[in-house]
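Worksheet: one structure, shown below.
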Ligand SMILES: [Zn+2]
């Protein structure tokens, strides 16, 4: 989303209230001055590396005969800058301003971590601020163009071991039925449900008989590693493999999570 602003009010709200990290972000938000009609002289970062208000108080602004609502255009007349003497005494650097105003509107820009100024957009801010880790090799298994979002989300949670299985709920001190609803052999866990449970193997066998998911068994490490190798490319067979892999995980998990809770559920304190 690109912010083509009518005034700087929105961006001030964004940086002070929405992000709540104003101190960190403000130096990277600046204004490309056009007609300067909407650029606040004191509080917008329009010519130096920071707003002028960082170097003076509200009382200073008043004593210089200005207003906190002053626009940059207020100091530009007949194609030249006109700086009040009180202002120049406080900020002599203003004499070096060479910007020429035009008829274009003012634009908000984002100074990226590389130092380049580009039109402000939430996408660019996110790309600069988001934490980065190394790319996981199994991403084609989860995120692909034909993926079904709810299937991909469940598969992603399973790979990250974040599904609320009985093993996970045990840590929450929630006592439930202690056996897998499918096979009644042991407590369900991610590894049991998808690689040990007889129910899983019966479903998998049905697809493997048709030539899909042939290498998917053993453990989650094997599963993700095999999938990484098998899912390279964009053929129809690979697309079906991707869809089937995620669908198996989704429907097994949906079946187990829709199983009614036992009546003896008890939250330990
Ligand atoms: Zn089981």
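Conditions: (1) away from the ligand (no atom under 16 Å from the Cβ); (2) within 21 Å of residue 255 (Cα to Cα); (3) surrounded by 17 or more Cβ atoms within 10 Å (Cβ to Cβ). Residue 157 meets all but one. Number of the miss? Residue 157 satisfies every listed condition except (3). With respect to (1) over 28 Å from residue 67 (Cβ atoms); (2) in contact with a helix residue (DSSP H, G or I) (Cβ under 7 Å, 6 or more places away or on another chain), the lone exception for residue 172 is condition (2).
For the stretch 74-119, residues that are surrounded by 10 or more Cβ atoms within 10 Å (Cβ to Cβ), touching a residue at least 60 places away in the same chain (Cβ under 8 Å) and in a loop (DSSP other than H, G, I, E, B) total 7. Checking each residue of the stretch 231-242 against the condition of being touching a residue at least 24 places away in the same chain (Cβ under 8 Å), closer than 19 Å to residue 144 by Cβ and within 16 Å of the ligand (Cβ to nearest atom) gives no match. The residue pairs whose first member lies in the stretch 214-225 and is at pLDDT 75 or above, whose second member is part of a loop (DSSP other than H, G, I, E, B) and surrounded by 13 or more Cβ atoms within 10 Å (Cβ to Cβ), and whose beta carbons are closer than 7 Å, counting only pairs six or more residues apart or on different chains, are 223/216; 224/138. Keeping to the stretch 173-208, report how many residues are more than 6 Å from the ligand (Cβ to nearest atom), modelled with pLDDT of 85 or more and in a loop (DSSP other than H, G, I, E, B). Here the count works out to 1.
The values are calculated or read from the model by the stated rules, or taken from the named source; none is laboratory data. In this text the structure is predicted, and so the values were computed from the model without any measurement. Note: ideal-geometry Cβ built from the backbone for every residue, glycine included; neighbour counts use all protein chains shown.
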